[in-house]
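Student: Below you'll find the structure I mean.
The values are calculated or read from the model by the stated rules, or taken from the named source; none is laboratory data. Model, not experiment: these values are computed from the prediction. Heads up, the Cβs are rebuilt from the backbone with ideal geometry, glycines too, and the neighbour counts pull from every protein chain shown. We work out accessible area using only protein heavy atoms, side chains counted, and drop any ligands, DNA or RNA first. Shrake-Rupley method; radii C 1.70, N 1.55, O 1.52, S 1.80 Å.
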Amino acid sequence: MEEWTSADIIRKAKKLMIEKGHTYYQSRKLDRVPKEAVEELLGITLSDTNN
């Protein structure tokens, strides 16, 4: 299994969103991505709980 840092995940998720046509994610200052993009990259479902 490949090890990723949070910065790697954000960068790859931004690339994924751009490939899907969401040019908003081309901004270098933007450091947030949709949870769904992260889930797609990692192949897992993240829970919504804060516990």
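Student: Using only Cα positions of the chain, each an equal point scatterer, no hydration layer, compute I(q)/I(0) via Debye at q = 0.13, 0.30, 0.31 Å⁻¹ and quote the log10 values to two decimals.
Tutor: After summing over all Cα pairs, the log10 values are -0.32, -1.22, -1.26.
Student: Under a Cβ-only charge scheme (Lys and Arg +1, Asp and Glu -1), can you give me the dipole magnitude of the chain about the Cα centre, in debye to the nearest 20?
Tutor: That gives the chain a dipole magnitude of about 380 debye.
Student: Okay, next question. Would you work out which of Thr45, Ser6, Tyr24 lies farthest towards the positive end of the dipole of the chain, given +1 charges on the beta-carbon of Lys and Arg and -1 on that of Asp and Glu, about the Cα centre?
Tutor: Most positive-ward Cα: Tyr24.
Student: What do you get for the angle between helix 6-19 and the principal long axis of the chain? Use alpha-carbon atoms, 0 to 90 degrees, nearest ten.
Tutor: The angle comes out at about 50 degrees.
Student: What value, in deg cm²/dmol to 500, does the helix sum -39500 (n - 2.57) over DSSP H runs of n ≥ 4 give at 222 nm once divided by the residues of the chain?
Tutor: It comes out at -13000 deg cm²/dmol, rounded to the nearest 500.
Student: List the relative contact order of the chain as a percent without decimals, with contacts defined as Cα pairs under 8 Å and 6+ residues apart.
Tutor: 33
Student: Out of the chain, which GluC sites (Glu not before Pro) are coil in DSSP terms and have no more than 13 other C-beta atoms within 10 Å?
Tutor: Here the sparse-neighbourhood loop sites are Glu2, Glu3.
Student: Return one whole number: the accessible area per residue of the chain in Å², for a 1.4 Å probe.
Tutor: On a per-residue basis, 88 Å².
Student: Roughly speaking, what is the stretch gain from Thr49 to Glu36, that is 0.36 nm per residue apart minus the C-alpha to C-alpha distance, in nm to one decimal?
Tutor: 3.2 nm
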